[in-house]
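Peer 1: The structure follows.
The values are calculated or read from the model by the stated rules, or taken from the named source; none is laboratory data. Since we're looking at a predicted model, the values are computed, not measured. Cβ sites come from the backbone with ideal geometry, for glycine too, and all protein chains shown count toward neighbours. To get the accessible areas, we keep the full protein, side chains included, count just its heavy atoms, and leave off ligands, DNA and RNA. Shrake-Rupley method; radii C 1.70, N 1.55, O 1.52, S 1.80 Å.
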Amino acid sequence: MTIALILLSTALVVAVALLAAAAAGILSRIDGATYPAALMRGAAVFAAALTLACAITAAAAAVVG
């Protein structure tokens with residue numbers, strides 16, 4: 001049960017990070033950025049979303065355990 005919950009939450013976090021990265025890339029492209037610049041902005045948002053998820057997980061683990 002615990003393994004399934006971990007895998008489900010990991011998949012959810014990655015899916016949300018991908019959606020945020022896609023939205024950032026599309027919005028920057030609409031704003032007039034070139035394709036490489038839009039890709040870099042999307043990648044930065046993806047990395048930031050995963051970093052935030054790791055920080056929240058670490059903080060929650062410190063509180064619980």
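Peer 1: Inside segment 14-31, can you point out the residues that are open to solvent by less than 60 Å² (accessible area, probe 1.4 Å) and not small (Gly, Ala, Ser)? Write out each step before concluding.
Peer 2: In the first step, residues of segment 14-31 are kept if they are open to solvent by less than 60 Å² (accessible area, probe 1.4 Å); the result is 14-15, 17, 20-25, 28.
Passing the criteria: only VAL14.
Peer 1: Tell me whether segment 31-44 contains one or more residues that are in a helix (DSSP H, G or I), under 19 Å from LEU5 (Cβ atoms) and within 16 Å of the chain's Cα centre (by Cα).
Peer 2: The first filter runs over segment 31-44 and keeps only residues in a helix (DSSP H, G or I), leaving 35-44.
This time we only want the ones that are under 19 Å from LEU5 (Cβ atoms), so: none.
No, every residue in segment 31-44 fails to be in a helix (DSSP H, G or I), under 19 Å from LEU5 (Cβ atoms) and within 16 Å of the chain's Cα centre (by Cα).
Peer 1: Could you tell me which of the residues THR34, THR2 is at pLDDT 95 or above, open to solvent by less than 100 Å² (accessible area, probe 1.4 Å) and among the polar types (S, T, N, Q)? I'd like the intermediate steps shown before the answer.
Peer 2: Working: THR2 fails: at pLDDT 95 or above.
So the residue among THR34, THR2 that is at pLDDT 95 or above, open to solvent by less than 100 Å² (accessible area, probe 1.4 Å) and among the polar types (S, T, N, Q) is THR34.
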